[in-house]
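Heads up: the structure comes next, in structure tokens.
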Amino acid sequence: MRFRLSTLLLITACIALAIGWSVDRYTHRVPSYEERLADHARLAGTLVDVSRLHQFSDHPQGYINRVPDMLFVVFIDLFRNRGLFARTYGPIGNSRHIDDATLHWLGNETLRRIDITTLSDFEAELTASGLGTPQYYDLYTTDGSLKPELAKFVSECFKAPDVLPAMKDGG
């Protein structure tokens, strides 16, 4: 049986395309229904914590000693789950898209309620709480500074407006 060079090249190209397609499909796969549902459950849990603790902090006589620490942990959860805010998966329960503006507004509101107004205030609180250590959230680089994505997130939260645009418009 004789093979021509063009046949061999065609077979090689087909194999390469099949491998490329499978790698691309694996790396850009659509999450399963269970993964999407778990994402929404984590997101809903974080939002419930934020809402509940914001309500507590509106009434200083109750939970005055524990609320700031809990709000700080919730802010870190907002940072850790920030990828969930960007996702929309369609009709799973009453899910809706929560964009970056909402995420940054929630972060700003949370930091404001615990009197953190600068990045250095945030770093001091993170150091005092011990939550940035690898055994908890691992929020520092090897040289001891905040991870750049965390510093950027905190700065973006400080820049967020006091009121969401949807709330201004009555939406």
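The values are calculated or read from the model by the stated rules, or taken from the named source; none is laboratory data. Note that the structure is a prediction, hence the values are computed from the model and not measured. In this analysis, Cβ positions are derived from the backbone assuming ideal geometry, glycine residues included, and neighbour counts consider all displayed protein chains. Side chains are part of the model used for accessible areas, which takes the heavy atoms of the whole protein and leaves out ligands, DNA and RNA. Shrake-Rupley method; radii C 1.70, N 1.55, O 1.52, S 1.80 Å.
Against the conditions (1) surrounded by fewer than 16 Cβ atoms within 10 Å (Cβ to Cβ); (2) under 23 Å from Asp39 (Cα atoms); (3) modelled with pLDDT under 90, Met167 satisfies every one except (2). In this structure, does Ser155 turn out to be open to solvent by less than 50 Å² (accessible area, probe 1.4 Å) and either acidic (Asp, Glu) or modelled with pLDDT under 90 (or both)? When the stated conditions are applied, Ser155 does not pass them.
For the stretch 1-98, the helices (runs of 4 or more DSSP H) that sit wholly inside it and include 1 or more residues that are modelled with pLDDT under 65 are 33-57. Residue check: is Thr102 surrounded by fewer than 19 Cβ atoms within 10 Å (Cβ to Cβ) and modelled with pLDDT of 85 or more? Judged against the criteria, Thr102 is not a match.
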